[in-house]
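Participant: Structure incoming, see below.
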Amino acid sequence: MQRHGIRRPGSLGPLVRLVLIAAATTALAAPLTGCSDDTTPSDVVSQAASAASAAGDALASATAEAGRKLDDLQNGVNAKGDVKLDSQVTADSDGRSTVKMTVTNSASSEKSYAVQINFRDPAGNLLDTVVVTVNDVAADASKDATARSTRSLSGDITAEVARAVRN
């Protein structure tokens, strides 16, 4: 309450409150609008949602394609146990995640392998999937290969053998 032009400590007049609200709104909205004069915060949110949806669709498509490639192998045998991954996932010069693997052929003849590798974040979310072909692994021998993500991944990335088929 004001008396004789003296304001209580901590109270703001209506005009001061309006100016502070306008300034705060402008300060909070400015980072969302980017550099374009025509872009609104809702445009930025919509673009981010579209990008996330497209990334999710691309990952689902890549996962389905990897599954189709493995399913199409003639006379394929489950060989997930023949593949061992290094415990360390590293980033290459392009920022793509890589993991080394060793395929051990315990069969009595030369075989080829198709190995699906999934890259995940610490929460277990699937970030990327790739299929690596390891050809001509001699009988009772091992061969090394490297799986490389299809795009740059950041954070603490892990890799796992999702499927492996020998033929």
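The values are calculated or read from the model by the stated rules, or taken from the named source; none is laboratory data. Since this is a predicted model, take the numbers as computed values, not measurements. Counting neighbours? That spans all protein chains shown, and the Cβs are built from the backbone with ideal geometry, glycine included. Just so you know, the surface numbers come from the protein's heavy atoms only, side chains and all, with ligands and any DNA or RNA stripped out. Shrake-Rupley method; radii C 1.70, N 1.55, O 1.52, S 1.80 Å.
Participant: Name the long-range amide H neighbours of L127: under 5 Å, sequence gap of 5 or more, or other chain; modelled H, no Pro or chain starts.
Facilitator: F119, R120, D121
Participant: Under a point spin-label approximation (7 Å from Cα along Cα-to-Cβ), what is the K80-A107 distance to one decimal in nm?
Facilitator: Simple spin-label model gives 1.9 nm for this pair.
Participant: Residue by residue through region 91-97, what is 3J(HN,Hα) from phi via Karplus (6.51 cos²θ - 1.76 cosθ + 1.60, θ = phi - 60°)? Round to whole Hz and write x for glycine and proline.
Facilitator: Rounded to whole hertz, the list is 9, 8, 5, 8, x, 7, 6.
Participant: Calculate, in nm to one decimal, what D121 and S93 gain on full extension: separation in residues at 0.36 nm each, minus their alpha carbon distance.
Facilitator: Working: separation 28, 0.36 × 28 = 10.08 nm, distance 1.98 nm.
Extending this stretch completely gives an extra 8.1 nm.
Participant: Continuing with this model, one more query. Taking the Cα centre of region 107-161 as origin, sum charge times position over the Cβ atoms of Lys and Arg (+1) and Asp and Glu (-1), and report the length of that vector in debye to the nearest 20.
Facilitator: Details: 5 positive and 8 negative charges, 30 e Å.
Computed about the Cα centre, the dipole is about 140 debye.
Participant: Another question, if that's okay. Please list the radius of gyration and Dmax for region 115-167, considering alpha-carbon atoms only, with Å as the unit.
Facilitator: 12.9, 39
Participant: So, one more: Over region 71-163, with the other protein chains present, what is the accessible area per residue in square angstrom, probe 1.4 angstrom? The partial results should precede the final answer.
Facilitator: On the way: 5170 Å² over 93 residues.
Per-residue value: 56 Å².
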